[in-house]
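**Student:** Below are the structure tokens for one structure; questions will follow.
The values are calculated or read from the model by the stated rules, or taken from the named source; none is laboratory data. Predicted model, so just to flag it, every value in this text is computed and none were measured. With ideal geometry, Cβ positions are generated from the backbone for all residues, glycine too; neighbour counts draw on all protein chains shown. Surface accessibility is based on the protein's heavy atoms, side chains included, excluding ligands, DNA and RNA. Shrake-Rupley method; radii C 1.70, N 1.55, O 1.52, S 1.80 Å.
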Amino acid sequence: PTSRPKRFLPVQQCGSLSSFPLLFHPSAKGSQIVMDMSQRTVKRQASFCNAITFSNRPIALYEQVRLKITKKQCCWSGALRLGFTSKDPSRINPDNLPKYACPDLVSQSGFWAKALPEELSNEGNIISFWVDKKGRVFYRINESSPMLFFSGVHASEPLWALIDVYGLTRGVQLLDSEMVPLDCLRPCSFTAAHRASIRQNGDDPRLSISLCDLSLQQQDSNSFSCHVPQNSQNSQQCSLLPPQLDTDLRFHSVHGIHVTALDEQTVARLDHHSDERTLVFTSRPMRCSETVFVKVTKAGATRLGSLSYGVTSCDPGTLKPSDLPYNPESLVDRKEFWAVCRVSAPLQNGDILGFVVNAEGEVMMSHNGINAGMQLCVDNSRPLWMFYGLHGTITQLRILGSSLHPDLRGPSVPSSPSCTPNTPTLLCSGSSEPNLNTPLNINLNASQNTSTTPGSPFSSHPESPTFPSCSGSWSDECTICYENVVDTVLYACGHMCLCYACGLKLKKMANACCPICRRTIKDIIKTYRST
């Protein structure tokens, strides 16, 4: 607006507005973008990605790129990605544009972008963003205070606006650009309440820094991270999850004392530095033929985390947070039925895991759609709740939902407990296809009581015993060699599942424990039949 020139930065400090209107670039756009004749409005016609767009001309320093959100599609997750590029869009082949601005495009030289917080993606909101002479990018919503978005842009080069119409945001309209008013750059003090709010929410990844709370010193950071949020409706899940996903499953209100519930389907660790009491439970028992899908929504970028999981006949509503131990494996000593395992593969942010107990009592798992095989054999003659424990750098876990597939088996369509009564109560790990040609080649370290199946991509990680399927009735065959008759009792747990030869080998191993209950083996006792 020219009626209030004193409100804007001097031309020599920030440049001036171009005489050409700011429009969307007519050709450099993703395959799902539909543009109107005026080049002011774009809409993503399908999917949730392939919707990267650019401005038709370079953006001046301190020139606000102003967007109005015209269409929101609530079935997706994630919002606009905004930023700048030093690459002339006229020289960009649209066929070579990736699906996502983050992380695909920003991994290339000359592109800078970041995701806008989802809660700001409501229809009618006007988002303004700009870059200053120090390469810092700011944004504001409607008439709110400016917020620092990210830094590290090469402000000495011509810059075009980059707008990825992603996820929740399906349509945007370019408004006339404006120079940044001086009052948006003048430092001002916050109220004590606002500062307290920032301190209280310091760990919230969605929290931006207000420009008014910034000191004016140069920001040294030249890099930023920008992740593609993936959940039950977005790219990864589109292929990994069934089309119909029930979302009634929640986390139980009872959980470890070092865990907090962000919402009914998301939990977070309070302590990021040590493994403490982080057990969480499903709000109800698993149903027959029900696959439960969970997603690691926050994990460390440099170090990998792990996840404990299992099933229990204990109603979490009868427990107190103080009842939940530091070590989930110690739960097997309780009077209720508990089966505990740990994901053997290192987990990263965005990983999706599927769990199920099928009709034979086999706990099956999938990892990002890959069959990880049978992990445990459990007693499914009674209702079973699932539980999880967060370890290492995994600090947030989300239940995506569940799916019922009564006629299918396997980790992609797992079934559930309470289907077949009188199943033996077992706790074991391993593939459902044992290698019978290999002698006793097992590692019974109780802290690594998971296994990998033949052909698993995780075969480089420590393995647990490779036992045959634990389903069905009790057998007279040794559960290790599967050749000799069972004739040996393990002390002190009393389980009788091995032949004497395998029992001797097992006893000599470090940290030897029972393949059924995982209790330490103190001795083996050979038995004799009367006939």
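Residues checked against (1) in the same structural domain as residue 66 (by the TED database); (2) under 23 Å from residue 43 (Cα atoms); (3) modelled with pLDDT of 95 or more:
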| residue | (1), (2), (3) |
| --- | --- |
| 102 | yes, yes, no |
| 123 | yes, yes, no |
| 141 | yes, yes, no |
| 147 | yes, no, no |
| 152 | yes, no, no |
| 164 | yes, yes, yes |
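**Student:** Follow-up. Taking strands (runs of 3 or more DSSP E) that do not extend beyond region 314-380, which have at least 1 residues that are basic (Lys, Arg)?
**Tutor:** In region 314-380, 338-342 are the strands (runs of 3 or more DSSP E) which contain 1 or more residues that are basic (Lys, Arg).
**Student:** Something else about it: Please name all residue pairs, on different chains or six or more residues apart, with Cβ atoms under 7 Å, provided the first residue is in region 518-529 and is assigned to a loop (DSSP other than H, G, I, E, B) and the second residue is open to solvent by 80 Å² or more (accessible area, probe 1.4 Å).
**Tutor:** Hits for this filter: 521/507; 522/491.
**Student:** Looking only at residues that are among the small types (Gly, Ala, Ser) and part of a loop (DSSP other than H, G, I, E, B) in region 33-55, which one is surrounded by the most Cβ atoms within 10 Å (Cβ to Cβ)?
**Tutor:** Taking region 33-55 as the starting set, the residues that turn out to be among the small types (Gly, Ala, Ser) are 38, 46-47, 51, 55.
Retained after the next criterion (residues that are part of a loop (DSSP other than H, G, I, E, B)): 38, 46-47, 51.
Values: 38: 11, 46: 11, 47: 16, 51: 32.
Checked region 33-55; the qualifying residue surrounded by the most Cβ atoms within 10 Å (Cβ to Cβ) is 51.
**Student:** Shifting gears a bit: How many residues does region 56-72 contain that are open to solvent by 40 Å² or more (accessible area, probe 1.4 Å) and out of contact with any helix residue (DSSP H, G or I) (no Cβ under 9 Å at 6 or more places or on another chain)?
**Tutor:** Residues meeting the conditions: 6.
**Student:** Name the single residue, out of those in region 232-267 being open to solvent by 50 Å² or more (accessible area, probe 1.4 Å) and part of a helix (DSSP H, G or I), that is modelled with the highest pLDDT.
**Tutor:** Step by step, filter region 232-267, then rank; the result is 239.
Table: residues versus (1) in a loop (DSSP other than H, G, I, E, B); (2) modelled with pLDDT of 90 or more.
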position	(1), (2)
135	yes, yes
157	yes, yes
171	no, yes
212	no, no
217	yes, no
221	yes, no
230	yes, no
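**Student:** Another question, if that's okay. Any chance you could count how many residues in region 301-315 are under 23 Å from the mean Cα position of the chain (by Cα) and at pLDDT 80 or above?
**Tutor:** The qualifying residues number 6.
**Student:** Find the residue count for region 89-114, including only residues that are in a loop (DSSP other than H, G, I, E, B) and open to solvent by 50 Å² or more (accessible area, probe 1.4 Å). Quick ask: steps written out before the conclusion?
**Tutor:** Step one: list which residues in region 89-114 are in a loop (DSSP other than H, G, I, E, B), which gives 92-93, 97-100, 106-110.
Narrowing the set further to residues that are open to solvent by 50 Å² or more (accessible area, probe 1.4 Å) leaves 93, 99, 107-109.
Number satisfying all stated conditions: 5.
**Student:** Next up: So which residues in region 129-143 are open to solvent by less than 10 Å² (accessible area, probe 1.4 Å) and among the charged types (D, E, K, R), if there are any at all?
**Tutor:** 132
**Student:** Answer yes or no as to whether residue 480 is at pLDDT 75 or above, under 39 Å from the mean Cα position of the chain (by Cα) and open to solvent by 20 Å² or more (accessible area, probe 1.4 Å).
**Tutor:** Spelling it out, residue 480 is indeed at pLDDT 75 or above, under 39 Å from the mean Cα position of the chain (by Cα) and open to solvent by 20 Å² or more (accessible area, probe 1.4 Å).
**Student:** Give me the residue from region 490-506 that is under 11 Å from residue 525 (Cβ atoms), of a type outside the set (A, V, I, L, M, F, W, C) and not in a loop (DSSP other than H, G, I, E, B) and, out of that set, modelled with the lowest pLDDT.
**Tutor:** Residue satisfying both the conditions and the ranking: 491.
**Student:** Let me ask another. Among the residues of region 76-84, is any farther than 30 Å from residue 400 by Cβ and either assigned by the TED database to the domain that holds residue 156 or in contact with a strand residue (DSSP E or B) (Cβ under 8 Å, 6 or more places away or on another chain) (or both)?
**Tutor:** yes
**Student:** Further question on the same structure: Checking residue 318 against (1) at positive phi; (2) more than 24 Å from the chain's Cα centre (by Cα); (3) open to solvent by 10 Å² or more (accessible area, probe 1.4 Å): exactly one of these is not met. Which one?
**Tutor:** Among (1) at positive phi; (2) more than 24 Å from the chain's Cα centre (by Cα); (3) open to solvent by 10 Å² or more (accessible area, probe 1.4 Å), the lone unmet condition for residue 318 is (1).
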